[in-house]
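A short worksheet on the structure shown next.
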Amino acid sequence: MTGTDARTDWDLARVVDELAAAEAGRYDRTPITEEFPGLDLALAYEAQDELIRRKVAAGQTVTGVKLGLTSRAKQRRMGIDAPLTGWLTDAMTLPAGAPAPLGELIHPRVEPEIVFVLGEDLAGPGITAARAMKSVATVHGGFEIIDSRYRDFRFALPDVVADNASAARWGSGPVALSPGDVDLSLEACLVEVDGEVVATATAAAVQGHPAEALALAANSLAARGHRLEAGWVVLTGGITDAVFLHPGTTVSVHFSHLGTVTVTVTVTGA
C-alpha cells in the first residue's frame, strides 16, 4: 500500500481471507500477529468460526471438534501454554486405507489421537471429565494430520486459533470400544515411521486423561455459544509430538487396545 501502515488495514474479514487463501493456494505465511497486534484470542476464535461458516456455505458439513496442544510436551515445543479448539468438517475425513493427499497440503505432520464419538449432546459450562465421558458412545484410536498455514509451524496462540488449530485431515482405526472397556489413562501408543519406532506415550499425556480434554472442549465452546452434538467426533489432541509426512512415508500408530492405524502418503490428491 502507498503511504499507509499495513497494520491499520487488518480486520476480521482480512484475517479470514488471508488464511482461506493460504489453505486453498497451498502456501504458508508469517504469523498474522506480527502484522496485526490486534489479533487477540477472542478475535481469533471469531475468525475461526467465520472460516468454518464459509466452508459450510461452500457445501461442507461440521462433523466435530478437535483439540490442539493438549499435551505439555507439545505446548513446550510450540512455545504455547494453553490448549485450543478447532472445527472438523466432512472434507477433513480421511477414509480407512486412503493415502494422505500430500498434493493438497502444505507441510503436513501426523500425530496419534484418542478419538471420541459422542452419543449425546454435551454443553458447558461446568462440564467435568466424568460428566464428559457419559456422553461418549465409542472410543477409537486415530490420527490427525495437521497442516499449519504458517511458515515452519511458527505462530502465537491467536494465530493458530484463527487458523482453525492447523486442522487438515483425520482418520480412525477399526476398533471401537465402549468407554467402560478401556482405561484411557493407561492406553499406550507406539508410533513407527517406515518401521522404525520414533515415539511412545500413553493417553495420559493428553491433559492427564482424554476426558479432561473433552470437558475442556465443551466448556470452551459454551463460552462462545456452541455445544458438542450427538454423533460428532472429538479429536482429543496429539499424544506424542507430530511426525512430518513425506512422499513414500508410512506412519503406523499401534495402540494397546484400540488397534493400529496407518497413514501412507501420495504426492497427488487422494
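The values are calculated or read from the model by the stated rules, or taken from the named source; none is laboratory data. Nothing here was measured: the structure is a model prediction, and the numbers come from that model. Neighbour counts are summed over all protein chains in view; Cβ atoms, including those assigned to glycine, are modelled from backbone coordinates with ideal geometry.
Just a few scattered comments:
- Test result for residue 69, touching a Leu at 6+ places or on another chain (Cβ under 8 Å), of a type in the set (A, V, I, L, M, F, W, C) and either at pLDDT below 85 or surrounded by fewer than 20 Cβ atoms within 10 Å (Cβ to Cβ) (or both): yes
- Odd one out for residue 180 among (1) in contact with a strand residue (DSSP E or B) (Cβ under 9 Å, 6 or more places away or on another chain); (2) free of Cβ contacts under 8 Å to residues at least 24 places away in the same chain; (3) assigned to a helix (DSSP H, G or I): (1)
- Residue within the range 257-270 that is surrounded by fewer than 23 Cβ atoms within 10 Å (Cβ to Cβ), at pLDDT 95 or above and either under 21 Å from residue 137 (Cβ atoms) or among the acidic types (Asp, Glu) (or both) present: yes
- Qualifying residue in the range 183-190 (condition: closer than 16 Å to residue 262 by Cα and surrounded by 16 or more Cβ atoms within 10 Å (Cβ to Cβ)): yes
- The range 188-233, subset polar (S, T, N, Q) and not in a loop (DSSP other than H, G, I, E, B), residue nearest to the chain's Cα centre (by Cα): 220
- Boolean, residue 165 is hydrophobic (A, V, I, L, M, F, W, C), surrounded by 19 or more Cβ atoms within 10 Å (Cβ to Cβ) and modelled with pLDDT of 95 or more: yes
- Of all the listed residues (128, 138), the sole one being at pLDDT 95 or above, under 16 Å from residue 221 (Cα atoms) and either of a type outside the set (Lys, Arg) or crowded, with 23+ Cβ neighbours inside 10 Å (or both) is 128.
- Any chance residue 215 is under 27 Å from residue 246 (Cβ atoms) and crowded, with 18+ Cβ neighbours inside 10 Å: no
- Enumeration of residues in the range 42-61 that are surrounded by 14 or more Cβ atoms within 10 Å (Cβ to Cβ) and more than 15 Å from residue 92 (Cα to Cα): 43, 44, 45, 46, 47, 48, 49, 50
- Residue 263 meets all of the listed conditions (1) in a strand (DSSP E or B); (2) hydrophobic (A, V, I, L, M, F, W, C); (3) farther than 21 Å from residue 166 by Cα but one, namely (3).
- Any pair with Cβ under 9 angstrom, 6 or more apart, that starts in the range 16-37 at a residue that is of a type in the set (Gly, Ala, Ser) and ends at one that is part of a helix (DSSP H, G or I) and surrounded by fewer than 17 Cβ atoms within 10 Å (Cβ to Cβ): 20/54
- Selection status of residue 231, out of contact with any Leu (no Cβ under 9 Å at 6 or more places or on another chain) and surrounded by fewer than 23 Cβ atoms within 10 Å (Cβ to Cβ): no
- When the range 85-105 is filtered for residues that are in contact with a Phe, Trp or Tyr (Cβ under 7 Å, 6 or more places away or on another chain) and surrounded by 17 or more Cβ atoms within 10 Å (Cβ to Cβ), the ones remaining, listed by number, are 88, 92, 94.
- At least 2 residues being farther than 19 Å from residue 70 by Cβ and either touching a His at 6+ places or on another chain (Cβ under 8 Å) or not aromatic (Phe, Trp, Tyr) (or both) is the threshold, and among the strands (runs of 3 or more DSSP E) wholly inside the range 91-177 those reaching it are 136-146.
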